[in-house]
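J.: Sending over a structure as structure tokens; questions will come in a sec.
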Amino acid sequence: MKTRAALLRGPGQPWTVEEISLDGPRAGEVLVETAFAGLCHSDDHLNKGAGLRFPLVGGHEGSGIVREVGAGVTRLRPGDKVVTCFIPACGRCRWCTVGQSWLCDAGASTLTGALADGTYRMHLRDGRDAGGFCALGTFTDFFVAQERSLVKVPDDTALDAACLLGCSVPTGWGSAVRAAGVRTGDVVVVYGVGGVGAAAVQGALMAGAARVVTVDPVPFKNEFARRLGAHAGFTTHAEALDHVRRQTAGVLADSVIQCVGVATEQVTTECYEMTRKGGTIVLTGIADHYDEITVKLPGGMLTSFSKTVVGCLYGFCNPHQDVPMLLGLYRDGQLRLDEMVTRRYALDEIEKAYQDMTDGLNIRGIVEVAT
Ligand SMILES: NC(=O)c1ccc[n+]([C@@H]2O[C@H](COP(=O)([O-])OP(=O)(O)OC[C@H]3O[C@@H](n4cnc5c(N)ncnc54)[C@H](O)[C@@H]3O)[C@@H](O)[C@H]2O)c1
Ligand SMILES: [Zn+2]
Ligand SMILES: [Zn+2]
């Protein structure tokens, strides 16, 4: 079949929206009609970073409806509503079996976009195979994914809100609840209030933080966090540090969660300065290049103050367990997803959508595919 896809032909290239051909699902695979795709910053890193295989169809945060299943698919049927998992959970590898599915060996396909058998279902008009980011590729009308990369959600689920459960919400919520281990009474500082940071704020509050402070250079981001329940927000690290110092009689924050769009050595150092003795710094935001040095800290001080630095992928979540759980919190009115969706775009507005993200206009933009 034919489908439209927003893709990158190589590093430094702009997004192009092209008609491509899509093979049907093979064994263990599922054809999904995309409903919504979230505009995560991780897709924006793709054409600036290195080490990827191109052409690459973007989009890993998404929701849609199953249209066809390949042989051996047992958990999904045509008509089911699904949310994507940006790291597949194979259930069999060492990491999955010990409850660390975010490290699943199948996640190695993330950067090539190949499916489990190492081949591709998407092909450009010139015949070249295209991968889908995270073995997904939700910036499309239709995509083929492995069954293990999809979570079924109830038939009455609103797919626009649910699409955020494909990445930003488990990532941010889990960065606070799981990786930082926020506890009742904690002081938590979140750097960067995009889709990931807004979910981190909500996770910290749910875990019982007494005070949540945000740092984001864009005033509206801090105002949004206040509406979610954060207690204070600042556009500079210096102002936030001064505030937290005064609030804690110099002790500083129990945990600091870094969710900025482009991680830098400077922001890591700021997070470190903000953290109390024995406190935790969670690094969730990444740089454009995966191998860029963004952590350079005084080791002797880190040791003397026994601070913990944690790299955190996917909020240490297991999507098959946590997506239904987070959806339940949303349905109960405890997790605010609808408010996080700032703007909606058509698939061919992808360049504008990422420009708006860069310009700080959105908490989360989403591509509305099924219009
Ligand atoms: N670890 C993971 O599993 C995982 C998953 C998803 C996204 N990410 C990464 O998380 C980061 C956030 O993603 P997003 O989609 O929410 O991005 P986003 O661009 O929507 O939001 C990032 C926010 O950071 C703010 N910011 C920029 N520089 C800052 C600074 N120096 N101090 C404080 N705030 C600053 C921006 O104004 C913006 O509001 C990205 O690096 C993304 O690639 C990681
Ligand atoms: Zn696995
Ligand atoms: Zn993402």
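We did not get these values from a lab; they are worked out from the coordinates using the rules stated. Everything quoted here is computed from the prediction, not taken from an experiment. Backbone-built Cβ (ideal geometry, glycine too); neighbour counts: all protein chains shown.
J.: I need the peptides 166-175, 2-11 ranked by packing, meaning the mean over residues of other C-beta atoms within 10 angstrom, with the highest value on top. Show your work: numbers first, answer last.
T.: On the way: 166-175: 30.9, 2-11: 19.4.
The peptides rank, most packed first, as 166-175, 2-11.
J.: Would you compute, from DSSP H runs of 4+ residues alone, the mean residue ellipticity of the chain at 222 nm, taking -39500 (n - 2.57) per run and dividing by the full residue count, rounded to the nearest 500? Can you show the working numbers first?
T.: Values: 11 runs with 93 residues, N = 371.
For the chain, the value works out to -7000 deg cm²/dmol.
J.: Follow-up. For a paramagnetic label modelled at 7 Å from the Cα of Ala346 toward its Cβ, which residues of segment 113-148 fall within the zone defined by backbone nitrogen distances under 18 Å?
T.: 139-142
J.: Right, here's the next one. Post the alpha-carbon centroid distance, segment 270-292 to segment 119-140, in whole angstrom.
T.: Segment 270-292 and segment 119-140 have Cα centres spaced 33 Å from each other.
J.: Continuing with this model, one more query. Order 320-326, 109-115, 234-240, 296-302 from most to least packed using the mean count of other Cβ atoms within 10 Å. Intermediate results must be reported in sequence, preceding the final value.
T.: Details: 320-326: 19.0, 109-115: 20.7, 234-240: 16.3, 296-302: 11.3.
Top to bottom by mean Cβ count within 10 Å: 109-115, 320-326, 234-240, 296-302.
J.: Can you tell me the FRET efficiency between Asp126 and Asp359 if r is taken as the Cβ-Cβ distance and R0 is 25 Å, rounded to the nearest 0.05?
T.: Working: r = 34 Å, r/R0 = 1.34.
It comes to 0.15.
J.: Set Lys and Arg Cβ to +1 and Asp and Glu Cβ to -1, take the dipole of segment 171-313 about its Cα centre, and tell me which of Ala253, Thr303, Gly192 lies farthest positive.
T.: The one lying farthest along the dipole's positive direction is Ala253.
J.: For segment 81-155, just say rounded, prolate or oblate: build the C-alpha gyration tensor, square-root its eigenvalues into a ≥ b ≥ c, call rounded for a/c under 1.5, and beyond that prolate if a/b exceeds b/c, oblate if not.
T.: Values: a/c = 2.85, a/b = 1.44, b/c = 1.98.
Since a/c reaches 1.5 but b/c is at least a/b, the shape of segment 81-155 is classed as oblate.
J.: So, one more: Pull out a ≥ b ≥ c, the square roots of the eigenvalues of the alpha-carbon gyration tensor of segment 1-113, then state rounded if a/c is under 1.5, prolate if not and a/b is larger than b/c, and oblate in the remaining case. Please report the intermediate quantities before stating the final value.
T.: Details: a/c = 1.92, a/b = 1.17, b/c = 1.64.
It comes out oblate by the Cα gyration axes.
J.: Quick query: amide H of Arg364 versus all other amide H atoms, modeled in the peptide plane; which residues come in under 5 Å with a sequence gap of 5 or more or a different chain?
T.: Thr342, Arg343
J.: Something else about it: For the chain, what does the relative contact order come out to in percent, with C-alpha contacts under 8 Å and a separation of six or more?
T.: 18 percent
J.: Using 0.36 nm times the number of residues separating Thr236 and Thr119, minus their current alpha carbon distance, what extension gain do you get?
T.: 37.5 nm
J.: Which ³J(HN,Hα) values in Hz, rounded to whole numbers, follow from the phi angles of segment 37-45 under the Karplus curve 6.51 cos²θ - 1.76 cosθ + 1.60, where θ = phi - 60° and Gly and Pro get x?
T.: So the Karplus estimates, Gly and Pro as x, are 10, x, 9, 6, 5, 4, 5, 6, 5 Hz.
J.: May I ask you to order 331-337, 116-122, 211-217 by the average number of other C-beta atoms within 10 Å around their residues, highest value first? Write down the numbers at each step before the final one.
T.: Working: 331-337: 15.0, 116-122: 17.1, 211-217: 25.3.
Packing proxy ranking, top to bottom: 211-217, 116-122, 331-337.
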